[in-house]
Amino acid sequence: MLILGIETSCDETAASIIEVQKGKIQVLSNVISSQIKLHAAWGGVVPNLAAREHLKNIFPVLGNAFRKAKIKPADLDLIGVTAGPGLIPALLIGVNAAKTLAYVWKKPLMGIHHIEGHIYANFIGVNPKSQIPNPNKSKSYKLKAKSFNIKFPLLCLVVSGGHTQLVLMKKHLHYQIIGETQDDAAGEAFDKVARILNLGYPGGPSVALRATKFKVQSSKFKVILPRPMINSNDFNFSFSGLKTAVLYETKKHPEMLQKPAYIAALCHEFQKAATEVLIAKTLRAAQKYQPRSILLAGGVSANLELRQKLGAAIKKELSETAYYIPEITYALDNSAMIAAAAFFRRKLSRKKNYSWPAVQAEANLKLSSL
Ligand code: KG4
Ligand code: ZN
């Protein structure tokens with residue numbers, strides 16, 4: 001089965017073609033045109049600027065996706081497009097392009113929830129040679145080669161710029177949100193901390209990079225930040241207070257903002273506080289719900305500290321539970337994940353006729369079970 005995926009919910013224009021065969025997803029092309037440089041000047045994504053860029057890029061990106069995959073539109077079995085949530089002017093470009101193509105090419109079209117895509121990025125086959133560097137050791141550790149045999153029930157920690165949720169899935173496409181952030185998303189907190197520290201946009205990668213420069217033994221800076229809600233009796237999160245604690249810390253020592261070693265200590269402690277809370281809640285939820293697999297999903301799942309520490313904690317405390325993380329390319333916004341989610345919806349839904357008029361862009365689309 002050949003599926004085209006399209007994603008334009010934020011600041012990446014993306015088109016991919018995947019082939020699904022014998023229980024494995026192979027990504028034939030994964031083209032992403034990033035607008036990061038354009039939005040960096042504004043310190044965040046400007047919706048109408050994003051839409052203008054998507055409009056400019058969507059057809060060249062689609063053309064590249066077909067060229068790289070070496071297939072023709074007639075070969076496609078399905079088109080999947082991100083229908084929401086996201087920035088409405090940005091979503092509309094992808095959705096309208098997809099509807100036009102589905103109409104002209106007479107192909108079924110499916111609107112996909114962006115977070116469903118992030119979760120299904122874990123089902124994309126992995127290049128067995130690909131390795132993720134372990135930030136704490138000189139050795140690398142291998143991602144498990146994946147196919148559809150991820151065992152249910154599964155628990156997925158979703159961490160992106162707009163979402164932080166613990167999602168329990170008893171079977172494919174069935175979602176129970178057992179906990180979520182009460183204020184800022186984890187990625188949003190990384191972005192806001194980067195802004196406070198003048199590290200640029202997007203904040204996650206730059207905070208993570210500064211954190212690696214922190215030297216535990218030799219640093220003369222000792223920063224201590226709170227671990228919000230770490231002991232609360234639920235599976236919810238809160239990151240707004242943690243970000244504010246960073247702000248207060250910098251107000252105490254404004255002159256130190258010029259010192260790279262201080263910035264490194266602050267980023268290290270912030271990242272440690274955020275990941276410790278995420279990991280503690282995930283483990284506690286796993287102890288209660290006893291999933292057979294734990295998955296990590298969303299842009300913040302590209303964070304090496306989180307990938308590594310969550311893996312180590314699961315190995316230590318839940319040795320029977322399998323741990324899956326998406327390859328970095330599929331952790332950040334991409335359209336292969338949208339095509340992968342479309343495959344499962346198409347395969348498992350009784351409804352077979354997906355025609356283009358049913359697909360609508362929706363800024364606040366809710367994650368809905370099959
Ligand atoms: O999933 P994503 O690409 O877009 C949304 O759906 O929101 O996630 C983007 C978020 C941003 O907040 C970005 O700062 C964060 O993911 N991020 C990271 C890292 N890479 C991206 N956060 C921490 N560490 C990273 N390495
Ligand atoms: Zn995303």
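The values are calculated or read from the model by the stated rules, or taken from the named source; none is laboratory data. All values reported here derive from a predicted model rather than from experimental measurement. Heads up, the Cβs are rebuilt from the backbone with ideal geometry, glycines too, and the neighbour counts pull from every protein chain shown. For accessibility, only protein heavy atoms count, side chains too; no ligands or nucleic acids. Shrake-Rupley method; radii C 1.70, N 1.55, O 1.52, S 1.80 Å.
Structure above, values below:
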| item | result |
| --- | --- |
| The stretch 187-211, residues that are without any contact (Cβ under 8 Å) to a residue 60 or more places away in the chain and of a type outside the set (A, V, I, L, M, F, W, C) | Glu188, Lys192, Asn198, Gly203, Ser206, Arg210 |
| So Lys22, is it more than 21 Å from the chain's Cα centre (by Cα), over 30 Å from Ala189 (Cβ atoms) and at pLDDT below 95 | yes |
| Residue in the stretch 52-59 that is over 15 Å from Ala97 (Cα atoms), more than 16 Å from ligand 1 (Cβ to nearest atom) and not hydroxyl-bearing (Ser, Thr, Tyr) present | no |
| The stretch 275-305: number of residues that are open to solvent by less than 30 Å² (accessible area, probe 1.4 Å) and either within 16 Å of ligand 2 (Cβ to nearest atom) or farther than 22 Å from Leu168 by Cβ (or both) | 10 |
| The one condition in (1) closer than 26 Å to Arg345 by Cβ; (2) open to solvent by 60 Å² or more (accessible area, probe 1.4 Å) that Val159 fails to fulfil | (2) |
| Selection status of Ile115, buried (at least 22 other Cβ atoms within 10 Å of the Cβ), on the phi < 0 side of the Ramachandran plot and part of a strand (DSSP E or B) | no |
| Condition met for Ala285 (assigned to a helix (DSSP H, G or I), more than 16 Å from ligand 1 (Cβ to nearest atom) and touching a Gly at 6+ places or on another chain (Cβ under 8 Å)) | yes |
| Number of the exception - Asn64 against (1) under 25 Å from Pro357 (Cβ atoms); (2) open to solvent by 10 Å² or more (accessible area, probe 1.4 Å) | (1) |
| All positions within the stretch 136-163 that are of a type in the set (A, V, I, L, M) and either modelled with pLDDT under 55 or within 16 Å of ligand 2 (Cβ to nearest atom) (or both) | Leu157, Val158, Val159 |
| Candidate set: the stretch 69-106, residues that are over 17 Å from Val20 (Cα atoms) and among the charged types (D, E, K, R); chosen: the one farthest from the chain's Cα centre (by Cα) | Lys106 |
| Matching option when the condition is modelled with pLDDT under 95 and assigned to a helix (DSSP H, G or I), among Glu269, Glu255, Glu276 | Glu255 |
| Arg284 of a type in the set (D, E, K, R) and free of Cβ contacts under 8 Å to residues at least 12 places away in the same chain | no |
| Those residues of the stretch 317-340 which are within 12 Å of ligand 2 (Cβ to nearest atom) and outside any loop (DSSP other than H, G, I, E, B), in sequence order | Tyr330, Ala331, Met337, Ile338 |
| Search result, residues across the stretch 43-57 that are in contact (Cβ under 8 Å) with a residue 40 or more places away in the chain and over 21 Å from the mean Cα position of the chain (by Cα) | Asn48, Glu53, Asn57 |
| Unmet criterion (only one of (1) crowded, with 24+ Cβ neighbours inside 10 Å; (2) assigned to a helix (DSSP H, G or I)) for Gln308 | (1) |
| Residues located in the stretch 1-41, provided they are in contact (Cβ under 8 Å) with a residue 60 or more places away in the chain, over 14 Å from Leu91 (Cβ atoms) and not in a strand (DSSP E or B) | Met1, Gly23, Ile36, His39, Ala40 |
| Residues being closer than 18 Å to Ser238 by Cβ and assigned to a helix (DSSP H, G or I) - total across the stretch 182-202 | 9 |
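To keep it simple, each residue is scored yes or no on (1) open to solvent by 40 Å² or more (accessible area, probe 1.4 Å); (2) closer than 22 Å to His163 by Cβ.
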{"position": "Thr181", "(1), (2)": "no, yes"}
{"position": "Ala186", "(1), (2)": "no, yes"}
{"position": "Asn198", "(1), (2)": "yes, no"}
{"position": "Tyr201", "(1), (2)": "yes, yes"}
{"position": "Gly204", "(1), (2)": "no, yes"}
{"position": "Arg210", "(1), (2)": "yes, no"}
{"position": "Lys215", "(1), (2)": "yes, no"}
{"position": "Lys220", "(1), (2)": "yes, no"}
{"position": "Ile224", "(1), (2)": "yes, no"}
